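Data block below; observations after.
The values are calculated or read from the model by the stated rules, or taken from the named source; none is laboratory data. Small disclaimer: the values here were computed from a predicted structure and weren't measured. As a convention, Cβ positions derive from the backbone with ideal geometry for all residues, glycine included, and neighbour counts pool all protein chains shown. Accessible surface areas use protein heavy atoms only, side chains included; no ligands, DNA or RNA. Shrake-Rupley method; radii C 1.70, N 1.55, O 1.52, S 1.80 Å.
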Amino acid sequence: MLDATTRSGGTATASPRATATELAVATVTTGPAAPAGFAARVTRVLLSPWSRLSLLVALLASAAGTVLLFEPQKLLVHGWPPQLGGAAAAVAYAVAYGLCTVAFVPRPLLNLAAGALFGSQFGLASALAGTVLGAGIAFCLGRMLGQEALRPLLRGKWLKAADGQLSRHGFRSMLAARLFPGVPFAAANYCAAVSRMGLLPFLCATALGSIPNTAAYVVAGARASTPTSPAFLIALACIALPGLAGVVVAWRKRHRLRGR
């Protein structure tokens, strides 16, 4: 029997079969390495924080463009589609409300439409459900796609203070932001998403803090046909007085900052 190698003059010579086997093993080992490395690099780029933030911006821009195209404010003029009615219409409006808030449609307009379409009770329930839904969608999008990219940018004094307040005292801070009429709805959503605030406190604070302002606009929309009724006048007062108080507080804060 001959070995895999034959010795000739003290020198070991590999057989052709062994050489072919070694070459095949080397080819299998090194062949797919380049594509796998390229795929890994592409995956890292696509999942990087700035790529995800770019995706978030693209999604929000697309949503805003869609709203401009379909003009949901026409509901105030033409009413709800006749195919839907009752509770089903209120649920559908709540879903549409939430998606519209993500696309930066002003909530006062949506609240007025809810009151005009469904009355005070169903309109308030639908508007509040849509508010919480839209806030939750915005929070989750901001948390998944924007938090990692934006947190390293929180270097200014005011930004760090706001982030610390939301992270440590999330519920009461968001409750105050919802009750205060000068804080934009979308801005509060994404600030909370970038912070370390939890989703459940955020949603609970949004639901509770949005009741007074939402109810005022819904009642105003429901009683718009009778502008001299006590309910309509009270609703207008509930809209105007907090807004005026917000302007006064903002002016005083600004005056104090200038004094420093």
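Within the stretch 184-209, being open to solvent by 60 Å² or more (accessible area, probe 1.4 Å) and under 16 Å from the mean Cα position of the chain (by Cα) holds for P184, C191, R196, L199, L200.
Quick check: is even one residue across the stretch 157-166 touching a Lys or Arg at 6+ places or on another chain (Cβ under 6 Å), more than 29 Å from L241 (Cα to Cα) and not charged (D, E, K, R)?
Residues of the stretch 157-166 touching a Lys or Arg at 6+ places or on another chain (Cβ under 6 Å): none.
No, every residue in the stretch 157-166 fails to be touching a Lys or Arg at 6+ places or on another chain (Cβ under 6 Å), more than 29 Å from L241 (Cα to Cα) and not charged (D, E, K, R).
Going through the stretch 161-183 one residue at a time, which ones are within 17 Å of the chain's Cα centre (by Cα) and within 23 Å of Y97 (Cα to Cα)? Residues satisfying the conditions are M174, A177, R178, V183.
Taking the options A149, A129, A87, A94, name whichever one is modelled with pLDDT under 90, in a helix (DSSP H, G or I), out of contact with any Asp or Glu (no Cβ under 9 Å at 6 or more places or on another chain) and under 27 Å from L55 (Cα atoms). I'd like the intermediate steps shown before the answer.
Working: A129 fails: modelled with pLDDT under 90; A87 fails: under 27 Å from L55 (Cα atoms); A94 fails: modelled with pLDDT under 90.
Exactly one of A149, A129, A87, A94 is modelled with pLDDT under 90, in a helix (DSSP H, G or I), out of contact with any Asp or Glu (no Cβ under 9 Å at 6 or more places or on another chain) and under 27 Å from L55 (Cα atoms), namely A149.
The number of residues in the stretch 145-197 being over 19 Å from T214 (Cβ atoms) and free of Cβ contacts under 8 Å to residues at least 40 places away in the same chain comes to 24. Report whether or not A135 is part of a helix (DSSP H, G or I), at pLDDT 90 or above and crowded, with 22+ Cβ neighbours inside 10 Å. When the stated conditions are applied, A135 passes them. Going through (1) of a type outside the set (S, T, Y); (2) touching a Leu at 6+ places or on another chain (Cβ under 8 Å); (3) surrounded by 22 or more Cβ atoms within 10 Å (Cβ to Cβ) one by one, A222 falls short only on (2). For A215, the stated conditions do not hold, so it cannot be described as surrounded by 13 or more Cβ atoms within 10 Å (Cβ to Cβ), at pLDDT 80 or above and not in a helix (DSSP H, G or I).
In the stretch 100-115, is there at least one residue being closer than 25 Å to G221 by Cα, without any contact (Cβ under 8 Å) to a residue 12 or more places away in the chain and open to solvent by 10 Å² or more (accessible area, probe 1.4 Å)? Spell out the reasoning first.
Filtering the stretch 100-115 down to residues closer than 25 Å to G221 by Cα leaves 100-115.
Add one more test, that the residue is without any contact (Cβ under 8 Å) to a residue 12 or more places away in the chain, and what stays is 106.
Now narrow it down to the ones that are open to solvent by 10 Å² or more (accessible area, probe 1.4 Å): 106.
Yes: one or more hits.
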